[in-house]
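Below: one structure, written as structure tokens.
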Amino acid sequence: MSATVQADPATPAGSASGLMPRRPLGDRVFQLLALASGLLVLVILVLIAVTMSQQSTSWFTSEGWSGIFSLDWDPAHGKFGALAFVYGTVVMSLIAIILAFPVSVGVALLLTEVVPRRWAQPIVYVIDLLAVVPSVVWGLWGILVLVPWLQTAIYPHVASAVNDIWILGNLFGPLNGNYVSGASFFTAGLVLAVMIIPIMTSLSREVIATVPASDKEGAYALGATRWEMIRGAVWPHSQVGVMGATLLGLGRAMGETIAVALVCGASATVTSHLLTPGYAMPAVIALQFGEATVGVFRAALIGMGVLLFLLTIIVNLSARAVVERNARRMRGAA
Amino acid sequence: MEQPEPDVVEQTVSTNLPRLETRVQSPATMPGTTIFDVRNVSIWYGSFKAVTDVSLPIYENEVTAFIGSSGSGKSTVLRALNRMNDLVPGARVDGEMTYRGADLYGKGVSATAVRRRIGMVFQKPNPFPKSIYDNVAYGPRINGERNKARLDEIVERSLRGAALWDEVKNRLKQSGLALSGGQAQRLCIARTIAVEPDVVLMDEPASALDPIATLAIEDLIRELKQNYTIVIVTHNMQQATRVSDRTAFFSVLTDSKSDTRTGILVEHGPTQQIFEDPRDNRTQAYVTGRIG
Amino acid sequence: MAAVTTAPGGVDLREPSGWRRAKSQFATGAMWFAFVCLLVPLGFVLVTVIAKGASIINWRFLTAGIPPNVLPANFGGMGPAVLGTLEITAFAAVIAIPLGILGAVYLNEYGGNRPLARLLSFLSDVMTGVPSIVMGLFIYTIWVIPNGLTGLSGMAGSFALACLMLPIVIRSSYEMLRLVPDSLRQGSYALGATKARVVLTVVLPSAIGGIVSGALLAVARAAGETAPLLFTIGVVTANNPNLFSGSNTALSAQIWLNASQPYVGAQARAWGSALTLIAITFILMIVARLVTARFNRYSR
């Protein structure tokens, strides 16, 4: 009923009173602080989208939609078509996931199916080690060690070997004459692959670990070999989740800047020949920002930043959608 | 009113267990102050009615036991007494529940202040991952006590009151998680009485413990009632007869038409009366072991 | 290799046919080969960095000023860059870690299943996928452009790194808070604690080991980042201990600058910086593991 507090004569003075509220100010303040911190994420994301789009409007207005995605990138003459960079980003990232996929799935299967518990820990440490190498170090090693080695010892042989084979020639053959470059689409894709392997491996491992043990035991109980068990019990359950992990890897590869900038060759061309220099969105932003102090040039680079932002968000959302759908299916099936 | 002769029945159990005294508590002479007055209380969790129309008094310096089968709402009513149900989204209390005359659920009443007067010990011991000392000092500290000497004194008094002091006095800095089940539960009791509450609620405090630890807790309860009012939920009828002065028997009411179950209070009274001469058939059936 | 055991009833207990077994063994071999493919670049890069960087690292290298690129390896060092990395990363941590932990507290302790909390949790996942260069461009857009050249400072770099770290700290702290058993919260409430008290005196201390370790890993990640700094600190070679005004530098930024230099001295300094940077990140990673191990021991 009501809140009146009657002092009961039998009770010691003061013990019945004091049920009145004293919602301390500190409690309220703390809750508001926590809420504000949580909201920060929303605020930052919105600000990124809004402010960066604002800064890049002059790019849109001067080029128009067709201009933005044209092949004509010539800042000296006021031409800012970004197609070459979009192309490069896509191609290098695809190379990265094609190369990283078998390695990460293989290692994930190794950890879950092959290696006994005790030995799994050291292998996980190695993967963590790989993950913690900063991208600029990959870039440094890439440009000073990998690129010269590929250029002298590997690529020329590959190029001449496949030059006359139909598709391979177009992919791995030289572009003009005998020219192949260590700094190229493929090298960037290779370095990207190494960088995204850790995250793809740990995600794939999580996915594969959710396969119910009963399914695996069922396969073994039917006399299956390990490989047959993996094909029959593990893979059907986890293929969708592994696809999700791959998409996340794709997102990472698309956004990676420094290592790519150092080994891509910095040439805004669209070509199928992967052993020739190329370019990518984050790379051009990093490499040319110094010269783009004002005007449409800077707007173009920031605009590409916005494109990159949207692109990676879309890829990440798709990855999460795929993984969510799979998880829901698994929960229903379990 | 005529005082019935107290019945004392002693049995010696010839095992390694300490002598077990099974003694039905003599009924309280005149019930003292009414601490809680529960009137027509129904408690809802969202659209589920957990208990219906419960009315009973709780008296000062007595041990009141809630017994009954599972799902009969004993814990729900217990948790309503210190507003722990507030933590469950969608919980609602209808009816009147007063503590020393004040409406527990009145407008403007602070649940935090309620809980500082009405403490709770849980079924599974839940010591904080802090030292034994810090576990007991936690309550006084959040109430503002900073003086080290006073805290030391409070910690020792509480641990003595929980019959744990001798066992831990030399290792107060050790983690509370390192204690055995029975010790951990006594630590939780020490922690609860460190804030000098008025009432201690206990939700099946010994059900997770081994028999020897259980007896230690029961001894403790009998001692504690001198200074506190105790309400204990237990599914162990022998325990109820051993420790409580008053007993309330809950049961489940099934509505066959709508296939809903809700908890109800069947009867309450002095423990001896409930167990030896219950008024209701259902009580009779439960305490003689035919159901529940 | 299969032991031929034919039981009396004629039951064939030999290994399955050679072909099936071979396929399975080949598959296992392929998995090990995948692991080798992972090890090779890791080993390659670590060996190279250590081989080329170790010889140049000494106390002078870590403290002396940055010389012109043309000078050979035994001149000058990377002192300003080391200082810059430490200062900029530390300030970013001071901003991002408390905010991240508070955000996780909101999501787990206050938000529950409410739509706003679910949205924020979702958005913080999305934010972990935003490329670091976008964070750098963002701070450039809202801080450097309005402030002009004076906006370029170590602090601006810290802001960009903090944006990067925030969702990582929120995620990992959230997972740790989820693991705290509810019985601890109930015990605290029952003693008359307010919600803020429950969180500050019981929940956070219980989860602190995992939270700290997650935060350290976020710091390690931030220390190695380059792109966010390129647009915000105005990479210079002069020493600038003042985080809040004037352009600054960091190890990652210097490696970036020196990597494309033709001079051997500059390249050698780049290798030395790379080794220093890797050492810093490794130390942070190891401390994070130690913290996890120690608090796991203490809490059970």
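No lab work stands behind these numbers, since they all come straight from the coordinates. In this text, all values refer to a predicted model and were calculated from it rather than measured experimentally. Neighbour counts run over all protein chains shown; Cβ positions are idealised from the backbone, glycine included.
Relative contact order (percent) for the range A:86-283, with alpha-carbon contacts under 8 angstrom and 6 or more residues of separation?
37 percent.
Take the Cβ-Cβ distance between B:Arg146 and C:Val94 as r, set R0 to 25 Å, and report the resulting FRET efficiency rounded to the nearest 0.05.
0.30
Once fully extended, how much extra length lies between A:Trp65 and A:Leu39, figured as 0.36 nm per residue of separation less the alpha-carbon to alpha-carbon distance?
My answer for the length gained is 6.0 nm.
Can you give the average number of partner chain beta-carbon atoms within 10 Å of each beta-carbon in peptide B:102-114, as a whole number?
6
Give a residue-ordered list of calculated ³J(HN,Hα) values for the range C:185-200 (Karplus: 6.51 cos²θ - 1.76 cosθ + 1.60, θ = phi - 60°; whole Hz; x for Gly, Pro).
3J(HN,Hα) across the range C:185-200, in whole Hz: 4, 4, x, 6, 4, 5, 8, x, 8, 6, 4, 4, 4, 4, 5, 6.
When we measure straight from the Cα of C:Lys52, which lysines land under 26 angstrom away, once same-chain ones fewer than 8 places off are left out?
none
How many nm is it between the label spots at A:Leu47 and A:Leu222, if each spot is 7 Å from the Cα in line with the beta carbon?
Placing both labels 7 Å beyond Cα along the Cβ direction yields 5.7 nm.
Treat the count of other C-beta atoms within 10 Å as a stand-in for reagent exposure and order C:Ser173, B:Ser207, C:Ser273, C:Ser260 from fewest to most.
So the residues, fewest neighbours to most, are B:Ser207, C:Ser260, C:Ser173, C:Ser273.
Of A:Ala224, C:Ile142, A:Val43, which is farthest towards the positive pole of the protein assembly as shown's charge dipole, taken about the Cα centre with +1 and -1 on the beta-carbons of Lys, Arg and Asp, Glu respectively?
Farthest towards the positive pole: C:Ile142.
Give me the angle, in degrees from 0 to 90, between the Cα long axis of helix A:235-255 and the longest principal axis of the Cα atoms of chain A, rounded to the nearest 10.
70
Do you know the relative contact order of chain A, to the nearest whole percent, from alpha carbon pairs under 8 angstrom that are 6+ apart?
Here the relative contact order equals 25 percent.
Which ordering of C:Trp271, A:Trp73, A:Trp138 is given by a fewest-first count of other beta-carbon atoms within 10 Å?
So the residues, fewest neighbours to most, are A:Trp73, A:Trp138, C:Trp271.
Under a 5 Å amide H to amide H cut-off, with H placed in plane at 1.01 Å, what residues pair with A:Phe80 once short-range neighbours are removed?
Those lying under 5 Å, H to H, from A:Phe80 are A:Asp74.
Please list, in order, the residues from the range C:195-215 whose amide nitrogen is less than 14 Å from a point placed 7 Å along the Cα→Cβ vector of C:Leu179.
Within reach of a label on C:Leu179: C:204-215.
How large is the charge dipole for the range A:86-283, taken about the Cα centre, if only the Cβ atoms of Lys, Arg (+1) and Asp, Glu (-1) carry charge, to the nearest 20 debye?
200
Assigning unit charges at the beta carbon (Lys, Arg +1; Asp, Glu -1) and nothing else, what dipole magnitude in debye, to the nearest 20, does chain B show about its Cα centre?
1220
Pulled fully out, how much extra length does the chain show between A:Glu291 and A:Ile154, if you take 0.36 nm times their separation in residues and subtract their Cα-Cα distance?
45.9 nm
How far apart, in nm, are the 7 Å Cα→Cβ label points at C:Val70 and A:Ser272?
Between C:Val70 and A:Ser272, the label points sit 4.8 nm apart.
Can you give the relative contact order of chain B as a percent, counting alpha carbon pairs under 8 Å and 6+ residues apart?
25
What do you get for trypsin sites (Lys or Arg not before Pro) in the range B:57-147 restricted to DSSP loop and a cutoff of at most 15 other Cβ within 10 Å of the site's Cβ?
Answer by residue number: B:Lys107, B:Arg146.
Can you give the mean number of other chain Cβ atoms that lie within 10 Å of the Cβ atoms in peptide B:138-144?
Across the residues of B:138-144, the mean count of other-chain Cβ atoms within 10 Å is 4.
For A:Arg117 and C:Arg20, FRET efficiency with R0 = 35 Å and r from the beta-carbon atoms, rounded to 0.05?
The formula returns an efficiency of 0.85 here.
So if R0 is 22 Å, what FRET efficiency would B:Arg160 and B:Gln226 give, r being the distance between their Cβ atoms, rounded to the nearest 0.05?
0.95
Compare C:Ala238, C:Ala93, C:Ala218 in a GNM of chain C, Cα atoms joined below 10 Å, and give the one with the largest fluctuation.
C:Ala238
Using a 10 Å cut-off around each Cβ of peptide C:222-235, what is the average number of partner chain Cβ atoms that fall inside?
Mean shielding count: 4.
Between A:Asn170 and C:Leu290, what is the label-to-label distance in nm when each label sits 7 Å out along the Cα-to-Cβ direction?
A separation of 5.8 nm, rounded to one decimal place.
In the protein assembly as shown, what % of DSSP beta bridges are antiparallel (nearest 5)?
The answer is about 60 percent antiparallel.
Treating the beta-carbon of each Lys and Arg as +1 and of each Asp and Glu as -1, no other charges, what is the dipole magnitude of the range B:96-162 about its Cα centre, to the nearest 20 debye?
The dipole magnitude comes to about 80 debye.
Roughly how tilted is helix A:57-68, in degrees to the nearest 10 and between 0 and 90, from the longest Cα axis of chain A?
50
Using only helices, what value at 222 nm comes out for chain B when you add -39,500 (n - 2.57) per DSSP H run of length 4 or more and divide by the total residues, to the nearest 500 deg cm²/dmol?
Result for chain B, helices only: -9000 deg cm²/dmol.
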